[in-house]
Each structure stands twice: as C-alpha cells, then as structure tokens.
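What follows is a set of notes on a single structure, which appears directly below.
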C-alpha cells in the first residue's frame, strides 16, 4: 500500500505491519529473548498446566479405548461416524489457515503475513497431529491401522481400494502433514542459525547448531533458498485446497441425504480457512499479550485476519444456503425430509440454529472497523466461530446418519464421557504443543521481519553490468 | 586452526559492514574489480546481491519438476500395479483402471515428491548440512545471522594477493577487514 496517498490522520491509512523504530538488533534481541531466557510469563505456566491436564485425560481415554474397544464411545448403528470424524474434520480444517497464510499470502506478496506465518504453520502441524489421532484410533485396533490405511505388501496380497475417497484421504492428509513439516522447518533454518549464534549455554548452542545445518547466510544459499521456498509455496497452494476437498469427498461420494452434494468441496475448503483463521486469532491474541509482541503483531494483522474470517464466513453461509436450496430443488423426498429434520423438527435441530448464530450472525460484527479494533470482541467472535465450525460438522454428520432412509433404523446418538475426554484431550495436546513451541523456537520469523525494515532492500549503485 | 597442508596459508579475507547497502555496493565493486571467488553473507536475503555476485544458476526448478514427474509416475504406477495387475477386484462393476478415481492419490504423490526434492535439493546444492566451515572461525561472524553483513574473498581466487586484496577491501569503507583461517 502506498501510504503517502493518505492524508495524515486519515482513517483509511493502514496501521503498519511493523511498528516503526525497530532495528536488526532490536528484532533479533526481542524475538530470541523470548526463548533464550529462564523465565516464562506466569500465564504460560498457567495455560500449559491446564492443557497438560487435558492431555493426561487423553492418555487415560486412549488407554481405556485400547483395552475395551470403541464400544466405550457413543457411536451406534446407524450413527457409526460421530465424534471421531467430527473432530478429525474440525482439526484438519483448522490446519488450513497455516498453509494459507504461509503459502497463498506469500504468492500474493502480502507482507502482513510475515509476523504470523511461523506460528500459523506450527499451528497447522499440531492441528494435523490432533486430526491424525482420530482415523487411527477409530479403527479400534490402531496397531492394525497401517494395514488398513497404507498400501504396503502384506501377507494376504491385498491392497487398499484406490477408488475409495477414504484412501484418497490417507494420501492427502499424510502428504499435507509431511509437506507442512518440511515447509515449516525450511522456514526455521535461518532463524535456528540466529539462535545458534545468540545462545550462550553450550548445549543450546549445539542443539540449535545441529538443527541449523550449518546455515551461514551466504548469498548463494539465499538465492536457492528463496527459489525453493517460492516453489514450495506454489506446491502447497493446490495441496491445501486438495486436502479439504478430499475430506469432503468422504461425504459427498456417499449416498446419505445431506452428504451427497457437489457444493461440498469448495464449501469445506472455505469452512476450513474460516475455522483456521479463527484459531490463528484465538492463539495470536493471548500470545501477543503474554510476550509483548504488539510491535510485531499489530492491529493491522488482527484487522486483516478478522476481514478474511468475515469473507470466508460468508462463503460458508453461502454453502449453507446452497445445501438448503439443493435439498429442496432436488425434489427428492429423502433430501427434503433431511432438510426439515435438520432445520425445523429433528431431534438435533437446535444445534443447527446455534450453528447459524455462531457462524453467521455473530461474525457480522466484523463489518465494523471499531469492533475489529477491539481485541476482546475479535477474540469472542473467534470463540463463537471455533464452536460454530465444530457444530457444523456435528450437524452434517450426526443429523444425517441418525435419521436416514428408514425410520425403523433410526437411533439417537449420545456422546459418552470418553468421547468428550478424547476430544478435549486433543485440545490439550494442541495447546501443549503450541506452548512448548513458543518456548523453544521463534514464534515469529526473525529473518523475514528484518526484510520489512527500511534499508533491507538496497538499490544497485553500480554503473554497469547489473540489472535494476 | 590452520592446516599446514592446505594450498593457501589461510581461507580468505573478510570485510564486515553495518548496512545492507554498504554490503551491496562493496560486492558490486569487488565483482567489477575482477574477483570471482567471492561470497556475501547477510541475516536475510538481499536481492541485489544475486546480480552483484553474478549468480545465474538454474538448478532448483528443474530438480523439482523432475521429482514431481517421478512422483506422478510413482503414484499412478502404484495404483495401476495394485488395482490392475497385483489384485484386480471388481468393485461395483467399475473398470480396473478407473483412472478418474486415481487422480487424487497421484496428485498427492506428485506434490509430495516435488516438495521433498525442493527442500532436500536446495540444501544439497547449498552443501548443507555442513558441520564445519572456515567463516565461523571469525568471531564477529556470529553476527552474520543477526545484524551484520560480510563480504568474503577466498584465497584461491586467481586475483587474490594477501596485501593487495586487504588494501582493496579496506578501500570499500568496511568496519573491519579480517583474515579467515582454515
């Protein structure tokens, strides 16, 4: 944005992405200082204690699951998919914002992505880790999961059926997890070199030194690094779109009323970005306050993310409208019944209205610039979206399965304490991993922040030979 | 840490600068003076340096393309072999080679191979991981990853001579010029 076009004090003038007055030194010192210290904010201990307690609950829930089998869950016939797939889709969706911020916004040259991309990428990894737990444990015998999921030569000579979206999911999610990991690590290497050079404790120096691979900031290395990084971003962009598309195929290719819809792939991708941005904000707002990062994560970031959330939220609402229209317009009795059941008369119809409140009504507050600039309001809206996106998957999955074609096979679904403890356990795992990450690695890309400083893009002074 | 058997008495000569602009100007002058075995070090990428050092390499993209195509062939080949040759199954009367349904896994393997080749290829071309490099013998070089900028002329450069190069680097207004031991 050319800021000179705005008169001084103009309300349209954007807040800078990096507060003025910083130097290479101050950026390095502040961002490495968060990690290379013996002190953590009190809130860090408080939150990680809660998260670790939930994580321990996950340990108990999973141990009991392995002992007893999936009968401890509320799943039944016909609701054979419930919390396991709801949570899987919810977590995978959350992961999408990280890749969107680091890859798509990089290709669009959005410099405001710089201060949030690293933590958003970490969030992606941890969300995918939480998601991956569910398909593995829902088999009941996770030690056999490899046999069911991966194509490897086994003694029975059997192979997975590649015509099934469930195997597409295995490929999409495992590729997504692996590529997100190397993307994140590649971005970290130059910062790990900074840590190697900044750390004083010999052991820390060694550990960061090994992880930095001997990075020395040579121009030749930067040249290849930037090329590879840009292509990696270009590869990650279709990848991230493919992941939730494939997840939506799990539903869309089934004949269940309410699932069998062509709108699912784009609608799921929009929902994923929506949920993901809500979660990035949910994490960024407290971290920014805890570590005093207001110079780096400015109101510009909060506002921009709130705007992305608003727009993707409206796309999701358009998806709800399409679903309803397709159901009615199909003229199919089962589809029309499903709609009525989902929205008006069914046993779970109240969840649909809470979902609309969370995903449609409340986020409209983000139209107001004043409210977008109020941290507490933005945080509250994000919490609504987090809940709303979970409810969306609940509504799609449970309502359609509980009341399908034949009333004689209808059954209510009630989650058990093990469903809840597994779900909140993964929330604990997510927050624990996130807080350990900010403790040991730079949560803001240090070298990328330096590029934002004036003087970081010197111009050629040489008369001949070089290009502008 | 000097090695008596090395061809040169020390690895090279290094000048330290305080700004990116100073490093870029100095690099351009060094290249113009005819030095070829030079390198510039900075805490973040500086685009002008690529031209100033005459970096023309085009290896990263072809590597990624090649491995992407290998990934595509691997994914499609796995699907063909398992579904058509090794254990053909009639599932709802669909053809064994139902290629439309095989697009998503083959797409994912394409991305997987390409992405890994991008990262591994880039680090391999850079010669990383590299546990030891002479530039780290310069104590000030710890700031190359923080807030300082360095220009290196290697002793193996045909134009290199200890006194002349030192004087030349000193004429570029550096903060300091130092020897880099092997």
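The values are calculated or read from the model by the stated rules, or taken from the named source; none is laboratory data. Just so it is clear, the structure is predicted and the values come from calculations on it, not from any experiment. Note that we place each Cβ from the backbone using ideal geometry, even for glycine, and neighbour counts take in every protein chain shown.
Across the range A:317-334, the number of residues qualifying as assigned to a helix (DSSP H, G or I) and farther than 14 Å from residue A:262 by Cα comes to 4. Residue A:458 satisfies every condition listed in (1) away from every other protein chain (no Cβ under 14 Å); (2) buried (at least 16 other Cβ atoms within 10 Å of the Cβ); (3) assigned to a loop (DSSP other than H, G, I, E, B) except (1). Quick check on residue B:63: is it part of a loop (DSSP other than H, G, I, E, B), within 20 Å of the chain's Cα centre (by Cα) and at the interface with chain A (Cβ under 10 Å from one of its Cβ atoms)? Judged against the criteria, residue B:63 is not a match.
Only a single criterion out of (1) more than 16 Å from residue A:380 (Cα to Cα); (2) within 23 Å of the chain's Cα centre (by Cα) is not satisfied by residue A:331, namely (2).
Reported count of residues in the range A:138-153, each being assigned to a helix (DSSP H, G or I) and surrounded by 19 or more Cβ atoms within 10 Å (Cβ to Cβ), is 1.
Across the range B:100-133, what is the number of residues that are more than 8 Å from chain A (Cβ to nearest Cβ), within 17 Å of the chain's Cα centre (by Cα) and surrounded by fewer than 21 Cβ atoms within 10 Å (Cβ to Cβ)? Walk me through how you get there before you give the answer.
Our first condition is that a residue be more than 8 Å from chain A (Cβ to nearest Cβ); within the range B:100-133, this holds for B:100, B:103, B:106, B:110, B:113, B:117, B:120, B:124, B:127.
Applying the additional criterion that residues be within 17 Å of the chain's Cα centre (by Cα) yields B:117, B:120, B:124, B:127.
Still in the list and also surrounded by fewer than 21 Cβ atoms within 10 Å (Cβ to Cβ): B:120, B:124, B:127.
Summing the residues that are more than 8 Å from chain A (Cβ to nearest Cβ), within 17 Å of the chain's Cα centre (by Cα) and surrounded by fewer than 21 Cβ atoms within 10 Å (Cβ to Cβ) in the range B:100-133 gives 3.
For residues that are within 14 Å of residue B:15 (Cα to Cα) and surrounded by fewer than 16 Cβ atoms within 10 Å (Cβ to Cβ), tally how many sit in the range B:143-162. Total satisfying the criteria: 1. Tell me yes or no: at least one residue of the range A:446-455 is touching a helix residue (DSSP H, G or I) at 6+ places or on another chain (Cβ under 7 Å), more than 14 Å from chain B (Cβ to nearest Cβ), in contact (Cβ under 8 Å) with a residue 60 or more places away in the chain and surrounded by 19 or more Cβ atoms within 10 Å (Cβ to Cβ). Within the range A:446-455, none of the residues are touching a helix residue (DSSP H, G or I) at 6+ places or on another chain (Cβ under 7 Å), more than 14 Å from chain B (Cβ to nearest Cβ), in contact (Cβ under 8 Å) with a residue 60 or more places away in the chain and surrounded by 19 or more Cβ atoms within 10 Å (Cβ to Cβ).
Filtered by the rule that a residue be surrounded by fewer than 16 Cβ atoms within 10 Å (Cβ to Cβ) and either part of a helix (DSSP H, G or I) or modelled with pLDDT under 90 (or both), the range A:361-370 gives A:361, A:364, A:367, A:369, A:370.
Any residue at all in the range B:5-16 that is touching a residue at least 24 places away in the same chain (Cβ under 8 Å) and within 11 Å of another protein chain (Cβ to nearest Cβ)? Checked the range B:5-16: no residue is touching a residue at least 24 places away in the same chain (Cβ under 8 Å) and within 11 Å of another protein chain (Cβ to nearest Cβ).
Scanning the range B:134-174 for residues that are within 14 Å of chain A (Cβ to nearest Cβ), in contact with a strand residue (DSSP E or B) (Cβ under 9 Å, 6 or more places away or on another chain) and assigned to a loop (DSSP other than H, G, I, E, B) gives B:138, B:148, B:172, B:173.
Within the range B:31-56, the set of residues being touching a residue at least 24 places away in the same chain (Cβ under 8 Å) and under 13 Å from the mean Cα position of the chain (by Cα) comprises B:39, B:40, B:41. Restricted to the range B:82-99, and to residues that are more than 9 Å from chain A (Cβ to nearest Cβ), out of contact with any helix residue (DSSP H, G or I) (no Cβ under 9 Å at 6 or more places or on another chain) and in a helix (DSSP H, G or I), which residue is surrounded by the most Cβ atoms within 10 Å (Cβ to Cβ)? Looking at the filtered set, the residue picked out is B:84. When the range B:19-56 is filtered for residues that are within 7 Å of another protein chain (Cβ to nearest Cβ) and part of a loop (DSSP other than H, G, I, E, B), the ones remaining, listed by number, are B:19, B:42, B:43, B:44, B:45, B:46, B:53, B:55.
Between A:106, A:65, the distinction of being buried (at least 18 other Cβ atoms within 10 Å of the Cβ) and modelled with pLDDT of 90 or more belongs to A:65 only.
Restricted to helices (runs of 4 or more DSSP H) entirely inside the range A:154-252, those with at least 2 residues that are within 7 Å of chain B (Cβ to nearest Cβ) and touching a helix residue (DSSP H, G or I) at 6+ places or on another chain (Cβ under 8 Å) are A:165-198, A:219-252.
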